[in-house]
Every structure is written in structure tokens, then in C-alpha cells.
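The values are calculated or read from the model by the stated rules, or taken from the named source; none is laboratory data. These figures come from a predicted structure and were not determined experimentally. Note that each Cβ is placed from the backbone with ideal geometry, even for glycine, and that neighbours are counted across all protein chains shown.
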Amino acid sequence: MNEQQHEYAIVTRGLHREFKIRLKAEGLVASLRNFFAPASKTVNAVNNLELAIRPGDIIGFLGPNGAGKTTTLKMLSGLLVPTSGTIEVLGHTPFNRDHAFLKSISLVMGQKQNLWWDLPPVETFAIHRRIYGLSDSDYESRIQELVDMLEIADCLETQTRKLSLGQRMRCELAVSLLHQPQILFLDEPTIGLDILMQKKIRNFLLDYHRRFKPTILLTSHYMDDVAALAQRVIVIDHGNKVFDGHLSDLTQKLHPEKIMSVLLNNGKFECRLEDGCHLIHQDGQHYRFLVDRSRVPEMAAKLYATGNIADLTIEDPPLEDLIGQLFTSDRRNP
Ligand SMILES: Nc1ncnc2c1ncn2[C@@H]1O[C@H](COP(=O)(O)OP(=O)(O)OP(=O)(O)O)[C@@H](O)[C@H]1O
Ligand SMILES: [Mg+2]
């Protein structure tokens, strides 16, 4: 699959992309003035972004709405030209869009589709087979494998417009993977899907990655996707990188506590609360505490020593809350 091994699958240096936006003017006089001398402002969608991603890694690319994620993915896949800075994807400059580059990547956008709306997926597959020049045997075996893994045998002959969102998304993934790209850019692949379908797609991606080891750059607003798939996360805000590292480091950095849930066999909680342990919720014999990470083992031992524990679980706060914390207004405007 890989003609040449690169230390990094993706490298960007000083990547920058701005957009000029025309401002609307209110009122007749202002509208007229605006017509002759349009007022505009410049948005820095991506700002001095440095990325270095190794082949085979799965990276969660996170950030609030408008952070610059889609703009970055479009530049990495050659759909947008950077305002300044450099990009190397498997040694190619994406916006040259040379054939070897296009054969080694795929961009899947949850909000847009590659499938032809009026054709059944099987016909779009056939078109892609021609575009990518796949041999009969490669095509047959890849289709078979993807159809099995994605469980889409029933959808292949149905006009795409008549498929459900979940069916369409799975066919969308199949068509994007037909040529076995080494790099997969996934922009919100599970958007709008119900929880079961999100899980199905996540499991498929994990399985696919285990088998073929593509490099995956994934954006999602569903933190379950990120927690299940990504070893490393890159967080951007207003086009700037604000975090790059392991998900667990991000969790620890943002929230030095864990949540401990305790269910008592009977009676009330008798243990004395110590420093670094706070009761945050109580409902009957169910208690929830916020405990400093360093004190979790000691607290758990103390609780068990009471001999009154029916159940005890220790977990991280929900990732959604943590990421939300990164983008609070005081952080943005210190
Ligand atoms: N074609 C365009 N013309 C003008 N401005 C644009 C264009 N595309 C993106 N922008 C602006 O660039 C910024 C980054 O947008 P982008 O779509 O990359 O964000 P995002 O992180 O993908 O957000 P979301 O999570 O909502 O998908 C936003 O301020 C957006 O309004
Ligand atoms: Mg986006």
C-alpha cells in the first residue's frame, strides 16, 4: 500500500488561512456606501498551526464551532490553498492535487457526501473504481470486505436519496475507503446519527484501523468518538493550537479530580470527609464525591474499611464538560 515510508504522514509549518468576509451594512445610506466601497473584515480561520502526525496514528482534532477544524482538513486534503505556511502530506503538497496524492487520501464529511444522490451506492462504487483504476480482483475483494464490515449489503441497490442517514453514512465510508487510502480525514462522521449508529461507526473505524493501519485525523463533537478512537488529541481554538497530547493528560490537566460514586448497603455515610474530597451529590444511599486523583486509592480503602459499601465506581468527569471548560469566556478573554 505504501510506496515510501515517511517519518511523518502529515507535517505543517506556520499554517495560516484567512478569509475576507464582506460586512452587511444597515440602512439605505450605509448600504449605498457599502455598495461602492464594501466594508470587510479578515477572519484568521487557521493561525500558525504546527502539526506533526506519524503514520498510523489516530488523532482527535477538537475545538468549538468555528475553531478552524474543517478549514484545516480542507487544506490538508488539497481543497483549499493556505494563505501562508507549508503542508506536507506523505511528501506531497496537497493543493497541487497530484494523482499519487489523491490516491493516498480520503476526506469524509458528515455534512457533505461523495455518493451520487440519484444513483444507488453500487453505481457510485463503480465510478470510483474507474477513477482510482482498481483491478477487478482488488475491487471485488475490497467491496466484499467493506460491505461485510459495514453491514450494508441491503443498501447497495437502493437509490442513495432513499437511504437513512446511518445507511448513507456507512455507504459513504465504503466509497471513501475503496482505494485503501493511507490517510483518512474524517470531519464529523457521526453527526446526526443515533447513539447505536455512532457506536457502530466507531467500532467499524477501530476494526478498519486494526486491519489496515491508516493515519486518521478525526473531528467530532461527540466526545465518545474521541475517547474510543483517539490516542492523541489536538485542540484548536480561534485557529490556534491550545493542546497537543494524550487524552489522559488533557483530562488530568483540566480536572485534577476524579468522580467517586458510592452505594451504601444501609444507613448513612459515616466516614469523615477529608481535604481533597467533596460530596457533590446525594440521593438516598447513593453518594458522589469529587476526589483529588492522588487521594483516590486512600479514599477507596477507607470507604471499603467501613464494611458498608455495596458498590463503588471511580471515573473521569465527562469529556464534554472538560472540553467545554477549555473554551470558557474567561479563558478566551483573560
Ligand atoms: N468559505 C469561507 N468564507 C468565509 N469564512 C469562512 C469560510 N470557511 C470558514 N470560514 C470561517 O473560518 C472560521 C473557521 O471555520 P471552520 O469551518 O474551519 O470551523 P470548524 O472548527 O470546522 O467549526 P465547526 O465545529 O462548526 O464545524 C469560522 O470563523 C468560519 O466562519
Ligand atoms: Mg467543521
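Please work out which residue is farthest from GLN180 (Cα to Cα), limiting yourself to region 109-122 and to residues that are within 14 Å of ligand 1 (Cβ to nearest atom) and touching a residue at least 12 places away in the same chain (Cβ under 8 Å). Checking each candidate, the answer is GLN111. Check off (1) touching a strand residue (DSSP E or B) at 6+ places or on another chain (Cβ under 6 Å); (2) modelled with pLDDT under 95; (3) closer than 24 Å to LEU218 by Cβ for SER40 and give me the number that stays unchecked. All conditions pass for SER40, except number (3).
Checking each residue of region 190-206 against the condition of being assigned by TED's automatic domain parsing to the domain that holds GLU88, of a type outside the set (A, V, I, L, M) and within 16 Å of ligand 2 (Cβ to nearest atom) gives at least one match.
Scanning region 245-280 for residues that are crowded, with 17+ Cβ neighbours inside 10 Å and of a type in the set (Asp, Glu) yields one hit, GLU257. State whether the residues of region 240-260 include one that is at pLDDT 90 or above and more than 20 Å from GLN325 (Cα to Cα). Yes, the conditions are met somewhere in region 240-260.
When ASP154, ASP207, ASP187 are checked against the criterion of being under 27 Å from LYS74 (Cβ atoms) and either surrounded by 17 or more Cβ atoms within 10 Å (Cβ to Cβ) or out of contact with any Phe, Trp or Tyr (no Cβ under 6 Å at 6 or more places or on another chain) (or both), a single residue qualifies: ASP187. Residues of region 179-216 that are modelled with pLDDT under 95, hydrophobic (A, V, I, L, M, F, W, C) and not in a helix (DSSP H, G or I): ILE191, LEU193.
Yes/no per residue for (1) more than 16 Å from ligand 1 (Cβ to nearest atom); (2) in contact with a helix residue (DSSP H, G or I) (Cβ under 7 Å, 6 or more places away or on another chain):
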residue	(1), (2)
THR160	yes, yes
GLN180	yes, yes
LEU186	no, no
THR190	no, yes
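Among the residues of region 160-204, the ones that are in contact with a strand residue (DSSP E or B) (Cβ under 9 Å, 6 or more places away or on another chain) and either of a type in the set (Asp, Glu) or free of Cβ contacts under 8 Å to residues at least 40 places away in the same chain (or both) come to 3 in all.
Entry remark, region 148-159: residues being in contact (Cβ under 8 Å) with a residue 24 or more places away in the chain, under 16 Å from VAL122 (Cβ atoms) and either not in a loop (DSSP other than H, G, I, E, B) or not assigned by TED's automatic domain parsing to the domain that holds VAL89 (or both) number 2 in total. Taking the stated definitions as given, is LEU28 exposed (fewer than 13 other Cβ atoms within 10 Å of the Cβ), within 16 Å of ligand 1 (Cβ to nearest atom) and not hydroxyl-bearing (Ser, Thr, Tyr)? So LEU28 fails the test.
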